[in-house]
Amino acid sequence: MAKIKVVKPSVRTVAPMLRRAPVDEADRSRFRDQTQAWRAWYKTARWQKLRMSILVRDRFTCQMCWLLEPNSSQLVCDHVTPHRGDEELFWSGPFQTLCKPCHDRDKQRMERRTCVRD
């Protein structure tokens, strides 16, 4: 009868392939800031000046629902054409003023719809 050979198990530690899921919106934003270098452009003085000029041009009025919002922290200077990290498109526009609810809900829905078709 043949002798049975014993093989040592070769189990190795594998680094986790999945990253930790963001818990809240602030955590999600920090994660995106770390993984998408172009997000730093939004924190520049150049962007803040451009953003304010677009808000003034549109008279602090959302271009979707026509809400007049005097509190500029509730308005978003939106890229009409998504830049997707393209620096030239990021700075050249075209831009529009949107209130935060229209930007976060309606505009994002429209972009997702067109992204699926591309």
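Here are the numbers for the structure shown:
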read-out: Extreme residue, modelled with the highest pLDDT, among residues of region 1-35 that are under 30 Å from residue 85 (Cβ atoms), of a type in the set (A, V, I, L, M) and assigned to a loop (DSSP other than H, G, I, E, B); value: 23
read-out: Subset tally (residues that are part of a loop (DSSP other than H, G, I, E, B) and either without any contact (Cβ under 8 Å) to a residue 40 or more places away in the chain or hydroxyl-bearing (Ser, Thr, Tyr) (or both)) for region 77-95; value: 7
read-out: Conditions (1) at pLDDT 95 or above; (2) surrounded by 16 or more Cβ atoms within 10 Å (Cβ to Cβ): number failed by residue 102; value: (1)
read-out: Residue within region 78-99 that is acidic (Asp, Glu), within 25 Å of residue 37 (Cβ to Cβ), touching a helix residue (DSSP H, G or I) at 6+ places or on another chain (Cβ under 8 Å) and surrounded by 13 or more Cβ atoms within 10 Å (Cβ to Cβ) present; value: yes
read-out: First in region 39-60 and under 10 Å from residue 95 (Cα atoms), second anywhere and in a helix (DSSP H, G or I), Cβ under 8 Å, 6 or more apart; value: 50/91; 55/72
read-out: Looking only at region 21-48, and only at residues there that are hydrophobic (A, V, I, L, M, F, W, C) and surrounded by 10 or more Cβ atoms within 10 Å (Cβ to Cβ), the one that is farthest from residue 99 (Cα to Cα); value: 31
read-out: Selection status of residue 51, basic (Lys, Arg) and loosely packed, with under 15 Cβ neighbours inside 10 Å; value: no
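The values are calculated or read from the model by the stated rules, or taken from the named source; none is laboratory data. Being a predicted model, the structure only gives us computed values, none of them experimental. Virtual Cβ from ideal backbone geometry, glycine too; neighbours counted across all protein chains shown.
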